[in-house]
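Bear in mind these aren't lab numbers, they're just calculated from the coordinates by the rules spelled out. Remember, predicted model here, so these are calculated numbers, not experimental data. Neighbour counts run over all protein chains shown; Cβ positions are idealised from the backbone, glycine included.
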Amino acid sequence: MLVNMKEMIEQAKKEKFAIPAFDICNYEMMRAVLEVCEEEKSPALLMVLEGDLRGKGMQLIPAMVNSASNFFSVPVCLHLDHAGNFDLIKQAIDSGFSSVMYDGSTLPFDKNLANTLEIVDYAHARSITVEAELGHVGDAMVGNENATTTGDDDPEDTLTDPTEAKIFVEKTKVDALAVAIGTSHGVYKKTPTLRIDRTKQLADCTNTPLVLHGGSGTPYDQLKEAIANGVCKINIFSDVVTALNGGLKGKLNTITNPATWPMFVFEDARSLMKEAVRAKIRAFGSNNRI
Ligand SMILES: [Zn+2]
């Protein structure tokens, strides 16, 4: 059975580790994440982006993760990643998601706050946890297959403001807050520099678990510092997709029979994805927590 994000993220906050949250798009990705979480005794936080929920995806993916969760002993949360509107969030909750993210980060502060408040009321009445975003994490952007980010933009203007964050979490009572502290979505061309000072300020004035988006490709020493200063959930997409694509490409280049069984085609992709997932779990310290 799926659980919401509350207990696992509060545990992460208390014990000062971060849960890597993985965007999954299909069965192979789901299986790699769940198996490694079980092996490493880490809470499992799976996320899905809107693009994979089109058509029957909205029913099939939650049904798949929901039933899969029964075969694992670690807690499994299914979180809707980056939803920009209430309709999508309602559909996801009806389909079995146990947690949602409302992303109003490009809206003016008051509008973001009002929308988030409405969604928290709806979700909490159904025991669904809510993550919101304040400040704006630069995009490569999610859903664009050619996505890359230059890393050249000055993120200073979009960093989360601590005074706004305090008001925002007190009013909305969100369960987690995604903050902009210097990362970007997508694949970095230049190594990012996280604003640890800002992270600490945000943690001090909100008392709400903080979430870091754009975790892929960010150096571990910086992420560890962010975790020590209040980051409790780190979103990972690109690193697992890179493992999947790299594994497939390498394997397909060696295959001559066009009718090769997918079980063999996915072999390397599967092990590379598991390796990537394990590396995040260990680096963020979410292993041996169950
Ligand atoms: Zn994100």
**Study point:** Cα radius of gyration and Dmax for the stretch 6-284 (Å)
**Key:** 18.2, 61
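Taking the Cβ-Cβ separation of Thr254 and Thr163 as r and a Förster radius of 51 Å, what is the calculated FRET efficiency to the nearest 0.05? Walk me through the numbers on the way to the answer.
On the way: r = 57 Å, r/R0 = 1.11.
For R0 = 51 Å, the calculated efficiency reads 0.35.
Can you tell me the relative contact order of the stretch 6-284? Whole percent, Cα pairs under 8 Å, sequence separation 6 or more.
Relative contact order here is 20 percent.
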Revision key, fill the gap. With the label point 7 Å along the Cα-to-beta-carbon line of Glu10 and a cut-off under 17 Å to each amide N, the hits in the stretch 98-135 are 99-100, 124-131
Check your understanding: For the residue pair Arg54 and Val265, what label-to-label distance in nm results when each label sits 7 Å from Cα along the Cα-to-beta-carbon direction?
Key -> 2.1
Review point. So how strong a dipole does the chain carry about its Cα centre when Lys and Arg Cβ are +1 and Asp and Glu Cβ are -1, to the nearest 20 debye?
Key: 760
Check your understanding: Looking at the square roots a ≥ b ≥ c of the eigenvalues of the Cα gyration tensor of the stretch 192-241, which shape do they give, rounded for a/c under 1.5, prolate if a/b is larger than b/c, or oblate?
Key -> prolate
**Study point:** Given charges at Cβ of Lys, Arg, Asp, Glu: the stretch 6-284 dipole, positive-most of His185, Ile196, Met30
**Key:** Met30
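Name the helices (complete DSSP H segments) of the chain with a Cα length along the long axis of 20 Å or more and a Kyte-Doolittle mean of at least -1.0, or state none.
109-124, 238-254, 267-284
Among the listed pairs Lys13/Lys171; Lys233/Lys280; Lys6/Lys200; Lys56/Lys251; Lys200/Lys233, give every one whose C-alpha distance is greater than 18 Å.
Values: Lys13/Lys171 21 Å; Lys233/Lys280 11 Å; Lys6/Lys200 21 Å; Lys56/Lys251 30 Å; Lys200/Lys233 15 Å.
Flagged as over cut-off: Lys13/Lys171; Lys6/Lys200; Lys56/Lys251.
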